[in-house]
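The values are calculated or read from the model by the stated rules, or taken from the named source; none is laboratory data. Nothing here was measured: the structure is a model prediction, and the numbers come from that model. FYI the Cβ positions are ideal-geometry reconstructions off the backbone, even for glycines, and counts take in every protein chain you see. Heavy atoms of the whole protein, side chains included, go into the accessibility calculation; ligands, DNA and RNA do not. Shrake-Rupley method; radii C 1.70, N 1.55, O 1.52, S 1.80 Å.
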Amino acid sequence: MYKPDKLTMTPLKDDLIHGNQYPIPTRRCLPSGLYQSYVEATHLDLLASNTHMLQGSGIGFSQLEANNSAIGEWIERYAASHQDIKNLIFASESDMNHQGRTFLPIETFIPFISDQYCTNLPYQMWEKEDVTSWIESKNILNQQSVWVPAFAVHLPHNTDWDQKKNYILQTSTGISAGKNLQDATIGGFLECAERNAFAEFWYRQEQWIQQIPMLNQEDVLRSHKHPKIKHLFDNNRVQIKLFDLSPISPIETHVVVLYFPYKGQLFQSMGCASRFNQEESIIKACLEAYQGIEYAIGLSQKPENWIQNLPGFESINSFDKHFAFYNRFPLWRKKSPILQAALSKDSFFPDQASFQSKIHSWEDINQMGLNHILVIPLSTEDVQSQGFEVVRVIVPHWNLLTGVHTQPFLKNLRAQSGENLFLTYPHPFP
């Protein structure tokens with residue numbers, strides 16, 4: 001998502017958004033001094049977009065910051081929805097080899113394991129001589145050109161250019177806007193780090209729950225004196241649990257699970273963030289959890305049969321439904337060790353927490369031992385005319401999160417034979 005903390009706080013141009021922009025009223029369970037904004041635009045297919053409508057939302061410590069965040073999220077999605085045939089080549093992997101192009105194999109970008117194709121997976125298996133569309137990326141670790149499949153880049157991707165074959169369920173992870181290419185790249189990379197750590201945490205939660213520090217609000221306030229942390233956590237109208245994913249992630253990553261009362265029910269929201277600075281990570285994760293309050297309430301107004309509580313949870317087929325699931329069916333919270341821990345008001349500090357060594361700046365990125373950090377510019381001319389750059393960042397072999405519960409992305413979890421991953425119940429990631 002867009003990172004307004006990387007920008008000077010001046011109003012962002014929203015000339016591209018020929019639609020509506022609204023400030024969102026503040027709920028009484030939010031601390032004073034938080035602001036939210038929402039933007040939308042339709043008929044984007046008339047502007048060569050692959051989609052008809054796009055939305056964006058944001059939260060911040062001022063209305064300006066919230067507006068910037070919402071506009072930035074919208075611009076990310078707008079730029080990613082454009083594909084220019086002049087940027088693509090159409091070839092099989094054999095063709096790519098014959099042409100002497102450096103590329104990563106198609107299978108690198110397919111997050112399913114072979115066993116998943118034995119079920120009702122609605123995606124085609126890649127076959128050796130398939131002709132697909134490719135786009136050029138840059139590996140910023142060595143500045144080399146690397147061609148990657150376009151289906152891993154644009155959102156949504158036009159499968160007509162891939163012989164109408166659909167290989168994956170797409171996600172927005174790594175799409176990021178900024179005032180220049182480096183800011184956008186850093187934002188996209190941090191989002192990839194966030195999803196990678198959260199997926200590991202959720203799918204192996206029965207293992208990690210005994211090794212992850214968990215802090216209640218009081219302990220967060222005792223441990224951190226940053227004024228924004230005090231602002232966010234010193235709120236007795238909500239219950240917040242902070243999970244420190246230091247044992248999992250080489251970059252500061254935190255998960256916040258927040259509970260708030262609404263119409264006689266205890267609702268759940270959550271946020272997750274990765275930053276090079278610990279306090280910035282905590283602040284961003286908590287802001288996202290507060291932003292989810294309005295989201296959770298809005299989803300609660302959906303028709304009763306929007307989500308069905310049936311074995312297999314096959315109706316949980318969007319990120320909206322994943323987020324709403326434990327509010328619509330709160331009895332299932334007791335099945336998740338993470339959510340059980342979040343409901344507890346106690347803190348937990350493991351006796352022998354094994355934290356990964358951290359990097360604390362973009363300049364230290366080579367210390368992580370990665371082979372590739374791929375960056376593909378997505379900016380359209382109209383986006384650039386407004387002073388923005390948008391990129392897609394891809395870190396091969398890192399985890400992604402699925403928006404369809406029955407189609408988990410298992411390959412990069414590299415599960416061992418017989419390992420008991422937490423797959424029965426949906427994740428609550430928004």
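Side notes on the structure shown:
Quick grid of which residues meet (1) under 20 Å from Y425 (Cβ atoms); (2) in contact with a helix residue (DSSP H, G or I) (Cβ under 6 Å, 6 or more places away or on another chain); (3) part of a helix (DSSP H, G or I):
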{"position": "L242", "(1), (2), (3)": "no, yes, no"}
{"position": "I283", "(1), (2), (3)": "no, yes, yes"}
{"position": "Q291", "(1), (2), (3)": "no, no, yes"}
{"position": "S315", "(1), (2), (3)": "yes, no, no"}
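- Every condition in (1) in contact (Cβ under 8 Å) with a residue 40 or more places away in the chain; (2) more than 27 Å from Q367 (Cβ to Cβ); (3) not hydroxyl-bearing (S, T, Y) holds for R222 except the one numbered (1).
- Here region 186-221 is the region considered, the condition is being open to solvent by 10 Å² or more (accessible area, probe 1.4 Å) and of a type in the set (V, I, T), and the residue that is nearest to V238 (Cα to Cα) is I209.
- All positions within region 187-233 that are more than 26 Å from S336 (Cβ to Cβ) and within 14 Å of the chain's Cα centre (by Cα): G187, G188, F189
- Selected residue (criterion: most open to solvent (accessible area, probe 1.4 Å)) from residues of region 167-183 that are in a loop (DSSP other than H, G, I, E, B), over 20 Å from H52 (Cα atoms) and of a type outside the set (S, T, Y): K179
- Filtering region 78-97 for residues that are of a type in the set (D, E, K, R) and either assigned to a loop (DSSP other than H, G, I, E, B) or within 30 Å of Q416 (Cα to Cα) (or both) leaves a non-empty set.
- The one condition from (1) more than 23 Å from S361 (Cβ to Cβ); (2) in a strand (DSSP E or B) that K138 does not meet is (1).
- Test for A341: is it hydrophobic (A, V, I, L, M, F, W, C), under 22 Å from the mean Cα position of the chain (by Cα) and surrounded by 15 or more Cβ atoms within 10 Å (Cβ to Cβ): no
- Residue pairs meeting the criteria (Cβ under 8 Å; at least 6 apart or on separate chains; first over 9 Å from F323 (Cα atoms) and hydroxyl-bearing (S, T, Y), in region 290-301; second part of a helix (DSSP H, G or I) and open to solvent by 40 Å² or more (accessible area, probe 1.4 Å)): S300/R328
- Enumeration of residues in region 307-339 that are in contact (Cβ under 8 Å) with a residue 60 or more places away in the chain and aromatic (F, W, Y): F313, F319, F323, F325, Y326, W332
- Residue in region 87-99 that is under 19 Å from P396 (Cβ atoms), under 26 Å from the mean Cα position of the chain (by Cα) and modelled with pLDDT of 95 or more present: no
- Identity of the residue in region 45-80, over 19 Å from the mean Cα position of the chain (by Cα) and charged (D, E, K, R), that ends up surrounded by the most Cβ atoms within 10 Å (Cβ to Cβ): E65
- Taking the criterion of being closer than 30 Å to E294 by Cβ, in contact with a helix residue (DSSP H, G or I) (Cβ under 8 Å, 6 or more places away or on another chain) and either assigned to a loop (DSSP other than H, G, I, E, B) or free of Cβ contacts under 8 Å to residues at least 40 places away in the same chain (or both), the residues of region 340-370 that qualify are Q340, S347.
- Contact map, region 409-430: first residue within 23 Å of T108 (Cβ to Cβ), second residue part of a loop (DSSP other than H, G, I, E, B) and of a type in the set (S, T, Y), Cβ cut-off under 9 Å, separation 6 or more or different chains; pairs are F409/T171; F409/T402.
- One residue alone among H154, H224 is in contact with a Lys or Arg (Cβ under 9 Å, 6 or more places away or on another chain) and buried (at least 19 other Cβ atoms within 10 Å of the Cβ), and that residue is H154.
- Condition check for G100: surrounded by 14 or more Cβ atoms within 10 Å (Cβ to Cβ) and of a type in the set (G, A, S): no
- Test: V375 is part of a strand (DSSP E or B) and of a type outside the set (K, R): yes
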